[in-house]
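The values are calculated or read from the model by the stated rules, or taken from the named source; none is laboratory data. Every value quoted in this text rests on a predicted model; they were computed, and no experiment measured them. No Cβ is skipped: glycine too gets one built from the backbone with ideal geometry, and neighbour counts run over all protein chains shown.
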Amino acid sequence: MPQKRYRKALRVIGGGIFACLLAAGLYLGGLQLTGNFHTVIPGTLYRSAQPSAADISGYHQAYGIKTVVNLRGEHPGKDWYEAEVAEAGRLGIDHVDFYMSASLELSQAQAEELLSIFERAQRPLLIHCKAGADRSGLAAALYLAAVSKHGEEAAEEQISLRYGHVSIPFAGAFAMDETFEVLEPWLGFPDS
């Protein structure tokens, strides 16, 4: 009898874990299907996954985007890159390339360079990476912390599962979490 209860408990627990993983997978998949587009600060800052030319046109029309900051870096000859640059040019949108890797920490000097881009950019601006989860999350967090001064909690929320960022120590994209933690004192937040 106890062995029967044990097996039943394992099935219930296993079913619960499966349901949670399925829900998380569906949510993350949904983010990618919708372009993972989000408003960070209305009228000022937006974030997304890699936008198509049609997406850029739509964001320009709906939100007045004046600058696109591509966090994937310059990629001449790649179809996605050429389409993005061409559409931005056609619409009179400034296009800025800044290379980041989701699996490498950003140095303070690189963060300063990115913040300088943000401070000079015409607003509203759209920041994007490939999936809109990791690099876009860190960039949005830095903007909220250093440019708009929204505070630590609001900034850290940008690097979260809500946007598809999975924060697991020793996983590649955890470098985005580590970067923000290392930069917190420089950003004026107490060391935690």
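From the list 89, 77, which one is over 18 Å from residue 39 (Cα atoms), assigned to a loop (DSSP other than H, G, I, E, B) and out of contact with any helix residue (DSSP H, G or I) (no Cβ under 8 Å at 6 or more places or on another chain)?
Numbers: 89 fails: assigned to a loop (DSSP other than H, G, I, E, B).
Every option except 77 fails the conditions.
Look at the stretch 41-60 and say how many of its residues are β-branched (Val, Ile, Thr) and surrounded by fewer than 18 Cβ atoms within 10 Å (Cβ to Cβ). Talk me through it step by step, then tell me what you get.
Within the stretch 41-60, the first condition is being β-branched (Val, Ile, Thr), and the residues that meet it are 41, 44, 56.
After this cut, where a residue has to be surrounded by fewer than 18 Cβ atoms within 10 Å (Cβ to Cβ) as well, the list is 41, 44.
So the answer is 2.
Do we find a residue being crowded, with 24+ Cβ neighbours inside 10 Å and not charged (D, E, K, R) anywhere in the stretch 167-174?
Of all residues in the stretch 167-174, those crowded, with 24+ Cβ neighbours inside 10 Å come to none.
Taking every residue of the stretch 167-174 in turn, none turns out to be crowded, with 24+ Cβ neighbours inside 10 Å and not charged (D, E, K, R).
Being assigned by TED's automatic domain parsing to the domain that holds residue 99, of a type in the set (A, V, I, L, M, F, W, C) and surrounded by fewer than 15 Cβ atoms within 10 Å (Cβ to Cβ): is that true of residue 145 here? Working first, answer last.
Numbers: assigned by TED's automatic domain parsing to the domain that holds residue 99: yes; of a type in the set (A, V, I, L, M, F, W, C): yes; surrounded by fewer than 15 Cβ atoms within 10 Å (Cβ to Cβ): no.
Taking the combined requirement at face value, the residue does not satisfy it.
From the list 124, 169, which residue is in contact with a Lys or Arg (Cβ under 7 Å, 6 or more places away or on another chain) and of a type outside the set (D, E, K, R)?
Working: 169 fails: in contact with a Lys or Arg (Cβ under 7 Å, 6 or more places away or on another chain).
That would be 124, the only listed residue that is in contact with a Lys or Arg (Cβ under 7 Å, 6 or more places away or on another chain) and of a type outside the set (D, E, K, R).
Taking residue 85 as the residue in question, decide whether it is of a type in the set (Val, Ile, Thr) and touching a residue at least 24 places away in the same chain (Cβ under 8 Å).
Numbers: of a type in the set (Val, Ile, Thr): yes; touching a residue at least 24 places away in the same chain (Cβ under 8 Å): no.
For residue 85, the condition - of a type in the set (Val, Ile, Thr) and touching a residue at least 24 places away in the same chain (Cβ under 8 Å) - is not met.
Among the residues of the stretch 157-164, is any buried (at least 19 other Cβ atoms within 10 Å of the Cβ) and on the phi > 0 side of the Ramachandran plot?
As a first pass, look at the stretch 157-164 and keep what is buried (at least 19 other Cβ atoms within 10 Å of the Cβ): 158-159, 163-164.
Then keep just the ones that are on the phi > 0 side of the Ramachandran plot; that gives 164.
For the stretch 157-164, residues buried (at least 19 other Cβ atoms within 10 Å of the Cβ) and on the phi > 0 side of the Ramachandran plot: present.
Of all the residues that make up the stretch 72-90, how many are surrounded by fewer than 17 Cβ atoms within 10 Å (Cβ to Cβ) and more than 15 Å from residue 48 (Cβ to Cβ)?
Adding up the residues that qualify gives 11.
Can you tell me how many residues in the stretch 92-111 are crowded, with 17+ Cβ neighbours inside 10 Å and assigned to a loop (DSSP other than H, G, I, E, B)?
Final tally of qualifying residues: 7.
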